[in-house]
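Here's the structure, in structure tokens; my notes come after.
The values are calculated or read from the model by the stated rules, or taken from the named source; none is laboratory data. Predicted model only: the values in this text are computed from it and were never measured. Cβ: placed from backbone, ideal geometry, glycine included. Neighbour counts: every protein chain shown. Note: areas computed on protein heavy atoms with side chains; ligands, DNA, RNA excluded. Shrake-Rupley method; radii C 1.70, N 1.55, O 1.52, S 1.80 Å.
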Amino acid sequence: MKKSVLLLIIIFSVCNSFCQQVENIIIITTDGYRWQEVFKGMDSAIANNSKFNQGDSSYIFEKYWSNDESERRKKLMPFLWNTIASHGQIYGNRKFDNKVSNANPYWFSYPGYSEIMTGFADTSINSNEFPSNPHVTVLEFLNQQPKFKNRVAAFGAWNAFDRILNQQRSGIPVFSAFDTIGGKNPTANEKLINLMNQDSYRPFGDDECLDVFTHYAAMEYLKIKKPKVFYIAYGETDEWAHHSYYRSYLDAAHLVDKWIKEIWTFVQSDPQYKNKTAIFITTDHGRGDMKKEEWTSHGQKIADAYQIWFAAMGPGIAALGEQKNNVQYYQDQFAQTIAKLLGTTYKTGHPVSPEIKSVIKK
Ligand SMILES: [Zn+2]
């Protein structure tokens, strides 16, 4: 074999394992899910409190409890702790002073999602009833780039995503709450999902559907339309916490973990996505703790509700696992991190905070 050919083969195989580029990204959020459960698993003090255990602590102890913290968190989120912890990165364990926080001072949903998507903590965005987002989100920015044009979409359980992502101006399809999917020619699956969602129990009223409908609708879209930038926003973790239903809160988180595994398994089985897709998982805000029984709530008056977490995995991301160094990151850094993973720089009319460098492989 000629030396030059051999050299090319070596360069190719080295590059194949180290230089893989992220061509697609899937962003996943689960509303108001605490870092405490992410890193420590189920909290026995909450589970033992009759105000919070829905009269059945044995169910959650059987399903989610272990005396060993690392086993316990694995029981609650097995995909996060088996797969993402060994192939990706997880940030926000305050036991190690690894801190991720809201930069916005409000610690509730619209400001949090806007901060994630715009890379900017605009203090004028101070209400969940805030009108359509005046800022160009990273999703809208990516949709303006030729590489991603018309390949960006979002699914959210909460109907406020229509405004947060400014569906009207951005031109990004946003399927939220009880919106029907599939347009004029829905597939058989889409028809069934639409019917079941419309007829389902509505514990959160007309503004938010159960996560199961958002998930299956999003999966169908992912398989048929193959978006390059895809956002899925689950909501039940926040809703059940507000209900003081710890069992349902844990079940919702456990299900989100199962669905992330399902998304990843599909991604790694599909030629467009396989080894070219990153996932980025986070939450809009934290919640209080058990001391004043404030875990059910969040917002400015609840101590610690600014404390969040995030995880990422994919070909452009080093397998560094759980982060244990003393650092402080902010939610407004996520948007540029997402853009940089895709090999672009998010620039728009408002300031954008810099990316988190350790997420992006050098
Ligand atoms: Zn809430």
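Segment residue 128..residue 40, full-extension length gain: 28.7 nm, with 0.36 nm per residue of separation and the alpha-carbon distance subtracted. Considering only 308, 100, 326, and ranking their Cα positions along the charge dipole of the chain that arises from unit charges at the beta-carbon of Lys, Arg, Asp and Glu, the one farthest toward the positive end is 326.
How large a share of the accessible area of the range 242-295, in percent, is made up of carbon and sulfur atoms when the probe is 1.4 Å and the other protein chains stay in place?
Here it works out to 53 percent.
At 222 nm, what helix-only mean residue ellipticity would the chain give, in deg cm²/dmol to the nearest 500, using -39500 (n - 2.57) for each DSSP H run of four or more? Numbers along the way, then the final one.
On the way: 14 runs with 131 residues, N = 362.
Taking each H run of at least 4 residues, the total per residue is -10500 deg cm²/dmol.
How would the chain be classified by its alpha-carbon gyration tensor: rounded, prolate or oblate, with rounded meaning a/c under 1.5 and the a/b versus b/c comparison settling the rest? Cα axes put the chain in the rounded bin.
In percent, rounded to a whole number, the relative contact order of the chain is 31, using alpha-carbon pairs under 8 Å and six or more apart. Span-like helix check, the chain: qualifying full DSSP H segments, with Cα axial length of 18 Å or more and mean Kyte-Doolittle of 0.5 or more, are 3-18. Across the accessible surface of the range 305-362, with the other protein chains kept in place and a 1.4 Å probe, carbon and sulfur atoms take up 52 percent. When the chain is treated as a GNM with alpha-carbon contacts under 10 Å, the residue of 24, 104, 194 showing the greatest mean-square fluctuation is 194. When the chain is treated as a Gaussian network with alpha carbon springs shorter than 10 Å, the biggest mean-square fluctuation among 207, 162, 289 belongs to 207. What shape does the range 216-362 have by the C-alpha gyration tensor, where a ≥ b ≥ c are the square roots of the eigenvalues, rounded means a/c under 1.5, and otherwise prolate means a/b greater than b/c and oblate the rest? Verdict is oblate for the range 216-362.
Please work out how much length the chain gains when fully extended from residue 292 to residue 51, using 0.36 nm per residue of separation minus the C-alpha to C-alpha distance, in nm with one decimal.
Numbers: separation 241, 0.36 × 241 = 86.76 nm, distance 1.29 nm.
Contour length minus Cα-Cα distance gives 85.5 nm.
Taking a Cβ cut-off of under 13 Å around residue 328, the surrounding Lys, Arg, Asp and Glu residues balance to a net charge of 0, with basic ones at +1 and acidic ones at -1.
Excluding ligands, DNA and RNA, the accessible surface per residue across the chain is 42 Å² with a 1.4 Å probe. Note on residue 63 and residue 21: the extension gain reaches 11.3 nm, defined as 0.36 nm multiplied by sequence separation minus the Cα-Cα distance. Taking a ≥ b ≥ c as the square roots of the Cα gyration tensor eigenvalues, with a/c under 1.5 meaning rounded and otherwise prolate when a/b beats b/c, else oblate, which class fits the range 133-242? Judged from the Cα gyration tensor, the range 133-242 comes out oblate (a/c at least 1.5, b/c at or above a/b).
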